[in-house]
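As structure tokens, the structure follows; a few thoughts come after it.
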Amino acid sequence: MTRKGSPFKGAMTIAMKEAADHMTSARMHLIMLLVMLSATGAVYGAIGRITETTAEDPFLFLKLLTIAREPLPSFAALLGFLLPLVAIALGFDAVNGEYARRTMSRLLAQPIYRDAVLLGKFLGAMIVLAVALLTLWLLMTGLGILFLGLPPSAADVVRGLAYMAATLAYAGVWLALAIAFSTVIRSPATSALAALSVWLVLTVFWGMIAPLIAGAVAPIDPLDPMTMVTQYETQQAIARLSPQRLYGEVAAILLDPAARSVSPLFFDQLQGAIVGAPLPTLQSLLVVWPQLSGMVAAMILLFTLAYVAFQRQEVRA
């Protein structure tokens, strides 16, 4: 039997309904309040450090995102740690929650395809994440103007928006992971625990696991110095399986115009370069293009797995 019409008809209707449900839920209010308070504290601490130590700087506003003041981390590091939790909270019961409430059969009884249902749930959560990130960025900019007394430059705005777009892609990876677990696991509590376990491994422990795997896959030969380079490259490749590592490298390049590479540079690679000179925004984007592509590819892959699993599920009234 052939399907008539677009399989994604009605996806935006479901997306807007999901976004409205998320924005009015007490769970999201509490989570976003925690994130906003933490981010505000991190930016306020960075403002204190900047006013104490920094004089003239053409990219003053970017330092608001990268400078940390004990005991709080920087704004970028804070987002890298907390944003996956927000994405998981939005997606861990996207599908199995409908089964638990016995509303999936009624939802699919409407003149829409399953494609639109899953895509709508994903887009609805992404809309919420985009609104939250835009709000945080505007809050950070407002605090900077208020306490520093200077408006952001055009380069600051462009780099800040590029960083927020990369942050949204990073959040999308964890959202797609949560929706995938929500699709294959019928219990919302179990799917939340599974997503949090993956987040814990890839965020906290992966930096310790990657050197062990690299040492086993590419051991060092004392008689061959090139094996050290091979092991280092292997370790870097394994470490970049973690979305947080990719996000950290993207943030480091986009928020520091003077940075030229995510890896150590050799002397011949620096020939002709002016030390400390900022890179154009487009050049910085080209440096981290592989990391950005990796996060988008991971998001698409995880959503595709959820899509295939959802299409094969049997729905009973």
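The values are calculated or read from the model by the stated rules, or taken from the named source; none is laboratory data. Keep in mind that what you see is a predicted model, and the values were worked out from it rather than measured. Don't worry about glycine lacking a Cβ; one is built from the backbone with ideal geometry, like all the others, and counts go over all protein chains shown. Areas reflect the complete protein model, heavy atoms only, side chains present, ligands, DNA and RNA absent. Shrake-Rupley method; radii C 1.70, N 1.55, O 1.52, S 1.80 Å.
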| request: Rounded, prolate or oblate: pick one for region 97-242, where a ≥ b ≥ c are the square roots of the eigenvalues of its C-alpha gyration tensor, a/c under 1.5 means rounded, and failing that, prolate if a/b is larger than b/c, else oblate. | output: oblate
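Convert 20 °C to kelvin, take the viscosity as 1.002 mPa s, use the Kirkwood radius over C-alpha pairs of the chain as Rh, and evaluate the Stokes-Einstein diffusion coefficient in µm²/s, rounded to a whole number. Could you put the intermediate results ahead of the total?
Values: Rh = 21.6 Å.
Result for D is 99 µm²/s.
Quick test of the membrane-span-like rule: which DSSP H helices of the chain reach at least 15 Å along their long axis (C-alpha atoms) with mean Kyte hydropathy at least 0.5?
Numbers: long enough: 11-24 (20 Å, 0.14); 26-53 (40 Å, 1.03); 75-91 (23 Å, 2.46); 114-148 (51 Å, 1.94); 154-184 (45 Å, 1.44); 188-200 (18 Å, 1.38); 206-217 (16 Å, 1.75); 226-239 (20 Å, -0.09); 243-254 (16 Å, 0.42); 289-311 (32 Å, 1.39).
Span-like helices in the chain: 26-53, 75-91, 114-148, 154-184, 188-200, 206-217, 289-311.
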| said: Using alpha carbons only, how many angstrom separate the centre of region 207-221 from the centre of region 114-130? | reply: 39
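By the gyration tensor of its Cα atoms, with a ≥ b ≥ c the square roots of the eigenvalues, what is the shape of region 118-182: rounded for a/c under 1.5, prolate for a/b over b/c, or oblate? Before the final figure, lay out each step's value.
Numbers: a/c = 3.59, a/b = 2.73, b/c = 1.31.
Note, shape of region 118-182 comes out prolate.
Arranged from highest to lowest average of other beta-carbon atoms within 10 Å per residue, in what order do the peptides 204-211, 118-125 appear? Intermediate results must be reported in sequence, preceding the final value.
Working: 204-211: 14.0, 118-125: 23.6.
Highest to lowest by the protection proxy: 118-125, 204-211.
Quick check on the chain: helices-only [θ] at 222 nm, where DSSP H runs of length 4 and up contribute -39,500 (n - 2.57) each and the sum goes over total residues. Nearest 500, please. Please list the in-between numbers first.
Values: 14 runs with 223 residues, N = 317.
-23500 deg cm²/dmol, from helical runs alone.
If you add up the charges near Lys121, with Lys and Arg at +1 and Asp and Glu at -1, over every other residue whose beta carbon is less than 13 angstrom from its beta carbon, what do you get? Working shown, then result.
Details: positive: Lys17, Arg114; negative: Glu18, Asp21, Asp93, Glu98, Asp115.
Local charge sum for Lys121: -3.
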| field | Cα pair distances exceeding 18 angstrom across region 40-134, given as percent | value | 61
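What's the lysine pair count for the chain at a Cα cut-off below 28 Å, pairs eight or more apart or interchain? Could you put the intermediate results ahead of the total?
Numbers: Lys4/Lys17; Lys4/Lys121; Lys9/Lys17; Lys9/Lys121; Lys17/Lys121.
So the count of such lysine pairs works out to 5.
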| note | Expected sort for 251-260, 96-105 on mean C-beta neighbours within 10 Å, highest first, is 251-260, 96-105
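With a 1.4 Å probe and all protein chains left in place, how much of the accessible area of the chain comes from carbon and sulfur atoms, in whole percent? Don't skip to the answer; put the middle values down first.
Working: 11500 of 16480 Å².
On the chain, the fraction of accessible area on carbon and sulfur atoms equals 70 percent.
Counting only heavy atoms of the protein chains, get the accessible area per residue of the chain (1.4 Å probe) and round it to a whole Å² value. Intermediate results must be reported in sequence, preceding the final value.
On the way: 16480 Å² over 317 residues.
Value for the chain: 52 Å² per residue.
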| Net charge, His22 excluded, C-beta distance under 14 Å - Lys, Arg +1, Asp, Glu -1 | 0
